[in-house]
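Shown next, in structure tokens, is the structure this report addresses.
The values are calculated or read from the model by the stated rules, or taken from the named source; none is laboratory data. Quick caveat: nothing in here was measured; it's all calculated off a predicted structure. Cβ coordinates were reconstructed from backbone atoms using ideal geometry, including for glycine residues, and neighbour counts include every protein chain displayed. With ligands, DNA and RNA removed, areas are computed over all heavy atoms of the protein, side chains included. Shrake-Rupley method; radii C 1.70, N 1.55, O 1.52, S 1.80 Å.
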Amino acid sequence: MKAAVIVFPGSNCDRDLAVAFEQAGADVTMVWHKDTALPEGIDMVGVPGGFSFGDYLRCGAIAANSPICQSLIKHAERGGYALGICNGFQILTETGLLPGALRRNGGLKYICRTVGLEVASADTAFTSGYNKGDVVNVPIAHHDGNYFVTDEKLAQLQDEDRIAFTYTDNPNGSVADIAGVVSKNRRVLGMMPHPERAADTGHGGTDGVAMFRALMDQFATA
Amino acid sequence: MKARVYVMLKNGVLDPQGEAVRHALGSLGFDGVEGVRQGKVIELDLAEGATEATVTEMCEKLLANTVIESYRVEMG
């Protein structure tokens with residue numbers, strides 16, 4: 001698998017995400033936000049966590065309109081894969097590649113701790129290494145992770161089995177406990193929790209490893 | 001030429017910051033504050049001849065997230 005990780009001013013999980021991809025066996029290229037094209041032959045684009053552009057205007061809003069994100073949108077529209085984590089999820093909703101929006105946490109506080117996630121759908125390239133209903137422990141670290149979609153869109157997400165992860169104990173007020181959703185073609189995943197921070201025994205947990213391994217398997221058998 | 005854009009969370013989208021302000025006003029003794037909504041104002045300095053339609057396009061593309069926010073444009 002050839003992966004690109006986008007680096008914005010204010011990204012702070014870009015190298016962690018690159019290491020998680022590399023440890024699973026991927027070739028990783030870092031891409032700067034001002035670049036206008038992704039490298040040739042990229043299978044997967046990682047949109048990392050952090051505080052791109054200082055969260056000015058809205059989290060992810062400025063990044064979503066950066067030159068590289070035009071290429072990201074084209075990549076996704078061609079059927080390419082993308083994984084947005086935390087600020088990356090916010091960016092993917094701002095580009096319109098994923099539905100909904102991330103609001104300020106219900107309790108107004110920045111929350112940084114490990115939470116329980118239930119695998120709500122194992123029918124994606126990202127979650128096929130888990131079983132539906134599995135509970136995994138993955139850290140969150142966000143101030144604006146309170147997922148919102150309209151009732152109508154929520155019903156659509158549920159009908160189409162597009163909710164990848166839910167919180168076992170909702171920390172931020174997200175609609176229907178949603179922690180991560182996939183695009184209609186199931187190839188773009190956005191999630192607030194950080195699987196790349198649960199990918200090495202030194203992290204205190206390795207429940208995120210199965211996601212990166214499953215992605216590698218996807219491309220090995222393709 | 002100036003334009004002013006008011007961005008607010010849509011009705012029905014919970015505003016936790018507004019709620020926190022409402023509680024703080026209550027604890028300062030201001031009774032009867034039944035709701036607070038917090039938004040933002042964006043002032044634009046525009047070249048002569050700019051139209052409200054252009055500012056509306058700016059709102060749709062960047063200034064507001066229309067999934068959760070509504071906006072209003074005032075010209076001049």
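Exactly one residue out of B:9, B:46 is open to solvent by less than 40 Å² (accessible area, probe 1.4 Å), away from chain A (no Cβ under 14 Å) and either at pLDDT below 95 or in contact with a Ser or Thr (Cβ under 9 Å, 6 or more places away or on another chain) (or both): that is B:46.
Residue pairs whose Cβ atoms lie under 8 Å apart, separated by 6 or more positions or on different chains, with the first residue in region A:141-167 and within 14 Å of chain B (Cβ to nearest Cβ) and within 17 Å of residue A:96 (Cβ to Cβ) and the second of a type in the set (Val, Ile, Thr) and in a helix (DSSP H, G or I), are A:147/A:175; A:148/A:175; A:149/A:175. Only a single item in (1) assigned to a helix (DSSP H, G or I); (2) more than 23 Å from residue A:99 (Cα to Cα); (3) not basic (Lys, Arg) is not met by residue B:62, and it is number (2). Selection of region B:35-59 for residues being in a loop (DSSP other than H, G, I, E, B) and either free of Cβ contacts under 8 Å to residues at least 12 places away in the same chain or under 21 Å from residue B:1 (Cβ atoms) (or both) yields B:46, B:47, B:48, B:49, B:50, B:51. Can you spot a residue in region A:43-66 that is open to solvent by 50 Å² or more (accessible area, probe 1.4 Å) and more than 21 Å from residue A:101 (Cα to Cα)? Checked region A:43-66: no residue is open to solvent by 50 Å² or more (accessible area, probe 1.4 Å) and more than 21 Å from residue A:101 (Cα to Cα). Among the residues of region A:97-112, is there at least one that is modelled with pLDDT of 95 or more, in a strand (DSSP E or B), more than 20 Å from residue A:158 (Cα to Cα) and open to solvent by 30 Å² or more (accessible area, probe 1.4 Å)? Yes, region A:97-112 contains a residue that is modelled with pLDDT of 95 or more, in a strand (DSSP E or B), more than 20 Å from residue A:158 (Cα to Cα) and open to solvent by 30 Å² or more (accessible area, probe 1.4 Å). Only one entry in A:27, A:123, A:35 is open to solvent by 50 Å² or more (accessible area, probe 1.4 Å) and under 24 Å from residue A:155 (Cβ atoms), namely A:123. The set of residues from region A:53-72 being within 14 Å of chain B (Cβ to nearest Cβ) and in a helix (DSSP H, G or I) comprises A:53, A:55, A:61, A:62, A:63, A:64, A:69, A:70.
Scoring residue A:220 on the criteria (1) out of contact with any strand residue (DSSP E or B) (no Cβ under 6 Å at 6 or more places or on another chain); (2) modelled with pLDDT of 95 or more; (3) under 25 Å from residue A:72 (Cβ atoms) leaves a single failure, condition (2).
Taken as a whole, region A:184-197 holds no residue that is open to solvent by 10 Å² or more (accessible area, probe 1.4 Å) and among the β-branched types (Val, Ile, Thr).
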